[in-house]
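The values are calculated or read from the model by the stated rules, or taken from the named source; none is laboratory data. Computed from a prediction, not measured in an experiment: that's the story for all the values here. For neighbour counting, all protein chains shown are included, and Cβ atoms are generated from backbone atoms with ideal geometry for every residue, glycine included.
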Amino acid sequence: MALEVVRYTDEWKDRWDQFVLKSNNGTMFHLQRFLSYHEKGRFDWHHLLFVNKKEIVALLPGAMMGTTIESPIGASYGSFVTADIDFATALELVDTFSDYCRDRHFERALLTPPPFIYQKVISQNIDYALTYRGFTYDKHYISHAIRLDHRDFVTGFQSTARRYIHKYLREHPLRVEISDDYESFYPILANNKARHGVKPTHTLEELLRLKKLLPENLVLFLVYKGNKPIAGSLMFVCNVQVALCFYNMLLYEYEQYNPIHVVMYEVMKWATEKGFGWVDIGVSQDTNAENHMTPALTLIRFKEKFNAHGILRSTFYKRFI
């Protein structure tokens, strides 16, 4: 196979997104529909298509940061999007990409693929091809995900979580709804982030823009005490395999009602009914630590209450010059 590298232009948009949706490992973060929510000029985009006889073999969304090509930029996951390819194709793909970078005098590449749970058919052909051709790991994050086996998932929860959920089901102290009321959710989100000295990844306007661009991919759960929203979870439907809990927030003055336990129950019930294989509940790093790999042990213990297990979110790195 002789792969040709084609720089993305808007004429490829529909074919690009169709390929992502049919691929083995593509997510909503790889879609041009998703990437277009960023304001024009914010990033120096450098998206690539790998083509054989006019047929797309792989995609790589990315942008230039100085002389470094990074994938993703402005998204959670990037790197190569492919069908369930054999190893020879994976190796040629990595070689073609490396040659492209060297020919254009790029100094380095940083690639962060989705964890294995996002694949329809689990394969590490590209991972091995990357490491065989000299890519190393720039960093790892510990993320946590819950496997949905479509049984009574509550039985896998730790006893404290089961007790809070049974109380919720028995006494109905709270109400949970799927909502488009992002204006009510955003102050809860901003308040939570401010407690940790940070701002949300998205502005309210960006979330509303994403909802308009990808209406089926954003699902907001709001928890009410009476008529007051006190907590919420914003889910990203990443692909047919995984629903990602991007934001999981509460008003701490209502903590005694255990709204996060309640919304986790409703999210997992919804995800199970929709046929997802996993609920990804995000990375679990101590963002205040000097070492970026430092785990947030309290957060991890909380996630493990819901039968979550650790998975790696890794970034590959190679220097070409």
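Does the range 228-242 include one or more residues that are out of contact with any helix residue (DSSP H, G or I) (no Cβ under 8 Å at 6 or more places or on another chain) and within 30 Å of PHE19 (Cβ to Cβ)? Yes. Within the range 263-321, the set of residues being acidic (Asp, Glu) and within 15 Å of LEU244 (Cα to Cα) comprises GLU266, ASP280. If you go through the range 297-321 and keep only what is touching a helix residue (DSSP H, G or I) at 6+ places or on another chain (Cβ under 9 Å) and under 30 Å from GLY134 (Cβ atoms), you end up with GLY310, ILE311, LEU312, SER314, PHE316, LYS318, PHE320, ILE321.
For the range 279-300, the tally of residues that are charged (D, E, K, R) and under 21 Å from the mean Cα position of the chain (by Cα) stands at 2. LEU312 passes every criterion in (1) farther than 23 Å from GLN124 by Cα; (2) under 22 Å from the mean Cα position of the chain (by Cα) apart from (1). Against the test of being surrounded by 12 or more Cβ atoms within 10 Å (Cβ to Cβ), in contact with a Lys or Arg (Cβ under 9 Å, 6 or more places away or on another chain) and in contact (Cβ under 8 Å) with a residue 40 or more places away in the chain, the options ASN217, ASN192 yield a single qualifying residue, ASN217.
Restricted to the range 1-15, and to residues that are under 16 Å from ASN52 (Cβ atoms) and in contact with a Leu (Cβ under 8 Å, 6 or more places away or on another chain), which residue is surrounded by the fewest Cβ atoms within 10 Å (Cβ to Cβ)? Step by step, filter the range 1-15, then rank; the result is VAL6. Going by the conditions given, is PHE50 surrounded by fewer than 21 Cβ atoms within 10 Å (Cβ to Cβ), under 20 Å from ARG108 (Cβ atoms) and not acidic (Asp, Glu)? Against the criterion (surrounded by fewer than 21 Cβ atoms within 10 Å (Cβ to Cβ), under 20 Å from ARG108 (Cβ atoms) and not acidic (Asp, Glu)), PHE50 does not qualify. Restricting ARG133, ARG170 to those that are of a type in the set (D, E, K, R), surrounded by fewer than 16 Cβ atoms within 10 Å (Cβ to Cβ), modelled with pLDDT of 95 or more and more than 23 Å from the chain's Cα centre (by Cα) reduces the list to ARG133.
Scanning the range 155-167 for residues that are within 27 Å of the chain's Cα centre (by Cα), touching a residue at least 40 places away in the same chain (Cβ under 8 Å) and part of a helix (DSSP H, G or I) returns GLY156, ALA161, ILE165.
Entry remark, the range 279-321: residues being surrounded by fewer than 13 Cβ atoms within 10 Å (Cβ to Cβ) and outside any strand (DSSP E or B) number 11 in total.
For the range 189-223, a tally of residues being modelled with pLDDT of 95 or more, among the charged types (D, E, K, R) and touching a helix residue (DSSP H, G or I) at 6+ places or on another chain (Cβ under 9 Å) returns 1.
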